[in-house]
Amino acid sequence: MMAGAAEDVRVLFGAAVRAALEAWPALQIAVENGFGGVHSQEKAEWLGGAVEDYFIANADLELEEIEDFLGELMTTEFDTVVEDGSLPQVSQQLQTMFHHFQKGDGAALQEMTSQINQKKCKVTATPLMTAKETDVAEDDVDSVEEMEVKEVTATNDGATTDEVCPQPQPSDPDTQTIKEEDIVEDGWTIVRRKK
């Protein structure tokens, strides 16, 4: 591969990495809500270059190593633990991009970037106030407890695709109530696992 062609493929690889990270809902939410501090946007931009450099410096990465690296960066830079199952997906996508880069397949990188940009979802978190009723042990008085809930919504930014981004499903209000037998003496509440 000639030096000019290698340079071009490296630029395409960098653009593909940035597209994948920008489309990652966990990172979008972390940036939007300032989990990385006042410089969250700058950290997200830096992350693309850091991931690109990580691949270039480590030619034979295993999928688990990529997941660990991304997870560590999210924890360190954005104080975020990614538990939505997206970490393996993004890692696999990045690994595929790197294999295309190693083969010098700029067309495949352009195609992946284009597909990501078409399917990109805009994820936002908005605070909602909800009330839930609980039974008080001895007073039989109903009290209302307010709690803040973040609603995550996704909208499709791709102009040429008809796919709809998955919308979160509301949780069942019956699972959030505290039963009277769960409240014991001294005001303690027994917390049980969901079945």
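As a fraction of the 1.4 Å probe accessible area of the stretch 2-113, surface on carbon and sulfur atoms comes out at 53 percent. All Cα-Cα distances of the stretch 2-113, cut into 5 Å bins from zero to the largest, leave 2, 12, 24, 25, 18, 11, 6, 2, 0 percent in each bin in turn.
The values are calculated or read from the model by the stated rules, or taken from the named source; none is laboratory data. Only a predicted model underlies this, so the values are computations on that prediction, with no experimental measurement involved. Surface areas here come from the heavy atoms of the whole protein model, side chains and all, with no ligands, DNA or RNA. Shrake-Rupley method; radii C 1.70, N 1.55, O 1.52, S 1.80 Å.
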